[in-house]
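Asks: The structure that follows is given in the form of structure tokens.
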Amino acid sequence: MADNDLKSRSVLVIVTDYGVEQDELVVPVEHLRAKGARVDVASVPNGSPVRTLVGDKDPGKTVEPTLALKDADTSAYDLLLVPGGTLNADDLRQEEAAVRTVQSFVSSGRPVAAICHGPWALVEADLVRGKTLTSYASLRTDIRNAGGHWVDRSVISDTAGGWTLVTSRNPGDLDDFLREVEAALVTSP
């Protein structure tokens, strides 16, 4: 793909202000921006700087969000990206605004991409039923209990139910994940 193939596309990334796995946030944001996409990072609860972690324990980079999730017009984006990090994902699924955001993308048929522990937000939103997906292995029981079919693969792109869900297991899968995120963006409604 040429560097500007995604120049007409926009991505909303939702995170909490602490505990996001550094590479699951920074690498996709930098990659998609380099491809020409407009990428906004929205943090909850109030748009504070995002303190990332490496391996869920070591301090990572601090990322300045573009906006607070409460101020985002979610209808203005083509794809929703939900990074992992155990602390981030656990807190994110408890944020009503984040759950509503996931639901709004799915109800409008727009794609959602989630990596590592990110699918917890989809479990909370009751959106994995009938979907095949992957994640960090510790989520497999949660996904199965929520009606999803969990598999151990680097990336899954599932279009069941009229919307695309792209999932990956961990930062080691980022190349495959980003390939499928790009494909979902290109075909997004």
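Values in this text are rule-based calculations from the coordinates and carry no lab data. Remember, predicted model here, so these are calculated numbers, not experimental data. Every residue, glycine among them, receives a Cβ derived from its backbone with ideal geometry; neighbour counts consider all protein chains shown.
Asks: How do V50, V123 line up, fewest other C-beta atoms within 10 Å first? Show your work: numbers first, answer last.
Replies: Details: V50 26, V123 23.
Lowest count first: V123, V50.
Asks: Could you order peptides 63-74, 19-30, 78-89, 100-111 by the average number of other Cβ atoms within 10 Å of their residues, highest first?
Replies: Details: 63-74: 15.7, 19-30: 22.5, 78-89: 26.3, 100-111: 18.2.
Packing proxy ranking, top to bottom: 78-89, 19-30, 100-111, 63-74.
Asks: How large is log10 of I(q)/I(0) for region 90-145 at q = 0.27, 0.28 Å⁻¹ when the intensity is taken from the Debye formula with one equal scatterer per alpha-carbon?
Replies: Debye curve over Cα of region 90-145, log10 I(q)/I(0) at q = 0.27, 0.28 Å⁻¹: -1.21, -1.28.
Asks: For region 173-183, take each phi angle, set θ = phi - 60°, evaluate the Karplus expression 6.51 cos²θ - 1.76 cosθ + 1.60, and give the result in whole Hz per residue in order, putting x for glycine and proline.
Replies: 9, 4, 4, 5, 4, 5, 4, 6, 4, 4, 4
Asks: On to the next question. Using Cα positions and a limit of under 23 Å, work out the lysines in reach of K61, with same-chain residues fewer than 8 apart set aside.
Replies: Correct list for K61: K35.
Asks: When the Cα centres of region 48-91 and region 4-39 are compared, how far apart do they sit, in Å?
Replies: With region 48-91 and region 4-39 each reduced to a Cα centre, they are spaced 10 Å.
Asks: Which value, in debye to the nearest 20, gives the size of the charge dipole of the chain about its Cα centre, when Lys and Arg are +1 and Asp and Glu are -1 at the Cβ?
Replies: 360 debye
Asks: Same structure again: Taking only the Cα atoms of region 10-187, how large is their convex hull per residue, in Å³? Let's see the in-between values first.
Replies: Numbers: hull volume 16.4 nm³, N = 178.
For region 10-187, the hull spanned by Cα atoms encloses 92 Å³ per residue.
Asks: Given H placed 1.01 Å from N in the peptide plane, which residues other than close sequence neighbours of A37 have an amide H under 5 Å from its amide H?
Replies: The answer is L6.
Asks: Compare the peptides 5-12, 39-46 by average per-residue count of other Cβ atoms within 10 angstrom and give them in order, highest first. List each step's numbers first, then the result.
Replies: On the way: 5-12: 18.4, 39-46: 19.9.
Descending mean neighbour count gives 39-46, 5-12.
Asks: What are the ³J(HN,Hα) couplings of region 93-109, residue after residue, when phi is run through the Karplus curve with 6.51, -1.76, 1.60 and θ = phi - 60°? Round to Hz, x for glycine and proline.
Replies: Per-residue couplings from phi come out as 5, 9, 8, 4, 5, 5, 4, 4, 5, 4, 4, 5, 5, 5, 5, 9, x Hz.
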